[in-house]
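> Here it is: the structure, laid out below.
The values are calculated or read from the model by the stated rules, or taken from the named source; none is laboratory data. Everything numeric in this text was worked out from a predicted model, so none of it was measured. Please note: Cβ atoms are built from the backbone with ideal geometry, for glycine as well, and neighbour counts cover all protein chains shown.
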């Protein structure tokens, strides 16, 4: 689909995703409530949007990449929001990680205005946002998905239609459960090994080729061992995702005992002032209990 793309939300993820759209040759209009990333993208060749409404008025496809559901509702449904500027036939693609119920609410409001909607959250964090190798999980109509597929492929290598609106975020919640529990288990395992007098790097190298090996282990264990908690994905955002997972699970009567435990650990870490740490910092919850540091 050859057209101008709007991009709203230029944070840790949105800024590199926008850059990759420019690199792929797409025309772009950007907006964020923080001026600095807007200036960066304008300097790189994007147009400057004055508001979410202004972006939507100038673009056939509008992408939002925002922290949580209330932010998406404000940007799309609120005053000076996307739906005040979008023309019938436009497509809104929300790539934020939000509650599936909020995605369905926003999708229904878009439909009333004749605007197509996809929820398309991503996995991979900042490194994969920069490299354009994100995994993108999409919910919505197949024909709408096909229209924006070339745009999504400029930002990710795995782009999957998972079902109707809301399915993208349900898939993302499943992803976030697996990632969080994986990091927590890695923390317990390496804390045990370290307290037993072993070198955690040797243990990591010994197990990564076996059944315990995973992308999470390969990416996060070296960060922990080197004590690098610079955020690729923040603890406070992962806590939000697990909260949304638990709310969805409650509505569906699905018990998630391990997810509940990790979510509570994340709340404790936020209370310690670690909310803006990388989520590999989940391991510090176990380190504090065990009085050991994995390094």
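> Taking residue 49, is it touching a residue at least 60 places away in the same chain (Cβ under 8 Å), in the same structural domain as residue 131 (by TED's automatic domain parsing) and buried (at least 18 other Cβ atoms within 10 Å of the Cβ)?
Values: touching a residue at least 60 places away in the same chain (Cβ under 8 Å): no; in the same structural domain as residue 131 (by TED's automatic domain parsing): yes; buried (at least 18 other Cβ atoms within 10 Å of the Cβ): yes.
No; evaluated as a whole, the condition is false for this residue.
> Out of (1) in a loop (DSSP other than H, G, I, E, B); (2) out of contact with any strand residue (DSSP E or B) (no Cβ under 7 Å at 6 or more places or on another chain), what's the single condition that is false for residue 191?
Of (1) in a loop (DSSP other than H, G, I, E, B); (2) out of contact with any strand residue (DSSP E or B) (no Cβ under 7 Å at 6 or more places or on another chain), only one is false for residue 191: (1).
> Residue 184 is checked against (1) assigned to a helix (DSSP H, G or I); (2) over 30 Å from residue 289 (Cβ atoms); (3) touching a helix residue (DSSP H, G or I) at 6+ places or on another chain (Cβ under 9 Å) and fails just one. What number does that condition carry?
Status for residue 184: all satisfied but (2).
> In addition: If I go through the range 52-86 residue by residue, how many of them are surrounded by fewer than 22 Cβ atoms within 10 Å (Cβ to Cβ), within 11 Å of residue 8 (Cβ to Cβ) and out of contact with any helix residue (DSSP H, G or I) (no Cβ under 7 Å at 6 or more places or on another chain)?
Going through the range 52-86 one residue at a time, the tally reaches 2.
> Also, I was wondering about something else. Scan (1) surrounded by fewer than 20 Cβ atoms within 10 Å (Cβ to Cβ); (2) within 17 Å of residue 99 (Cα to Cα); (3) free of Cβ contacts under 8 Å to residues at least 60 places away in the same chain for the single condition residue 247 breaks and write down its number.
Failed condition: (3).
> Could you go through the range 135-148 and let me know if any residue there is assigned to a loop (DSSP other than H, G, I, E, B), at pLDDT below 95 and either closer than 25 Å to residue 70 by Cβ or not assigned by TED's automatic domain parsing to the domain that holds residue 240 (or both). Don't jump to the end; show me each part of the working.
If we filter the range 135-148 for residues that are assigned to a loop (DSSP other than H, G, I, E, B), which is where we start, we get 140-141.
With at pLDDT below 95 added as a condition, the list becomes none.
Scanning the range 135-148 turns up no residue that is assigned to a loop (DSSP other than H, G, I, E, B), at pLDDT below 95 and either closer than 25 Å to residue 70 by Cβ or not assigned by TED's automatic domain parsing to the domain that holds residue 240 (or both).
> Considering only helices (runs of 4 or more DSSP H) fully contained in the range 45-118, which possess at least 2 residues that are within 18 Å of residue 172 (Cα to Cα) and at pLDDT 95 or above? Can you show your working first?
Numbers: elements: 52-58, 69-77, 82-85, 100-112.
Once the helices (runs of 4 or more DSSP H) in the range 45-118 are filtered for at least 2 residues that are within 18 Å of residue 172 (Cα to Cα) and at pLDDT 95 or above, what remains is 69-77, 100-112.
> Now a separate question. Name the residues in the range 15-44 that are assigned to a helix (DSSP H, G or I) and in contact with a strand residue (DSSP E or B) (Cβ under 7 Å, 6 or more places away or on another chain), would you? Spell out how you get there, then give the answer.
First, pick out the residues of the range 15-44 that are assigned to a helix (DSSP H, G or I): 15-23, 35-43.
Hits for the range 15-44 are 18, 21, 22, 38, 41, 42.
> Shifting gears a bit: Does residue 12 meet the test of being at negative phi and assigned to a loop (DSSP other than H, G, I, E, B)? Working first, answer last.
Numbers: at negative phi: yes; assigned to a loop (DSSP other than H, G, I, E, B): yes.
For residue 12, the condition - at negative phi and assigned to a loop (DSSP other than H, G, I, E, B) - is met.
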